[in-house]
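As structure tokens, the structure follows; a few thoughts come after it.
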Amino acid sequence: MDFSNRTPCSDENCPGTINENGYCGVCGKNSSEIIQWKSDESKLRQNIENLDKSVPKEGAYVRMTQYGGGASENQIVANRNGYLRLGIEFLKAAFAEKIYIEKEYPDVIDVDLDYLLKEPSTLYFDRFERTEGTPSVFRKESKTLKIILIVIIIVLGGCVVLALIGATTVLRWLF
Ligand SMILES: [Zn+2]
């Protein structure tokens, strides 16, 4: 079979090629689906950029503290802009560029929470990874820490959802 004239999948994250039926042999999407998906993604990125501009960093604060001894006894206290900024930083993380730290961590991304997580926070985050595979950090950490991270991710995921709902409401008011 001659593969030389095959069109590569238009999703640049996919190594597949489009087969004679118009579908990618690896991800199974057809070219028009991928084009649609890319335009949806660029709209999403634009919305995130607009959100980023619309909520000031100044005065926004988030405090993450461990109030008890148990692995799940953590709390988040934040003001309204703090929650909004937290959600926005995580939305931005979905598209953040990967930065090189060391070979073992190829998926580290640049996420800045330092301006949000102020004293007297006891929980800080200085490394973020984005991967669709097995996260390399999780593999190295203990089970307890893994549970804490999952709880925090769920809470933060909730913040992202709230930020999106807020943005949708604002957009509905405007149009
Ligand atoms: Zn593909």
Hey, got a sec? Which GluC sites (Glu not before Pro) in the stretch 74-175 land in a DSSP loop and have at most 10 other Cβ atoms within 10 Å?
Glu97, Glu102, Glu104, Glu132
So if R0 is 35 Å, what FRET efficiency would Asn19 and Asn47 give, r being the distance between their Cβ atoms, rounded to the nearest 0.05?
0.55
Using the beta-carbon distance between Thr144 and Glu104 and R0 = 25 Å, what value does 1/(1 + (r/R0)^6) give for FRET efficiency, to the nearest 0.05?
0.70
Counting each DSSP H run of 4 or more residues in the chain as -39500 (n - 2.57), what helix-only mean residue ellipticity at 222 nm follows after dividing by all residues, to the nearest 500 deg cm²/dmol?
-14500 deg cm²/dmol
Most mobile listed residue (Thr122, Thr17, Thr131) in the chain, GNM with C-alpha springs under 10 Å
Thr17
Set the Förster radius R0 to 35 Å, insert the Cβ-Cβ distance between Ser32 and Arg130 as r into 1/(1 + (r/R0)^6), and round the FRET efficiency to 0.05.
0.80
Which helices, taking whole DSSP H runs in the chain, have alpha carbons extending 27 angstrom or more along the helix axis plus mean Kyte-Doolittle at least 0.5?
143-174
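Here, each number is a calculation from the coordinates, and none is a lab measurement. Remember, predicted model here, so these are calculated numbers, not experimental data. A quick note on method: Cβ atoms are made from the backbone with ideal geometry, for glycine too, and the neighbour counts reach across all protein chains shown.
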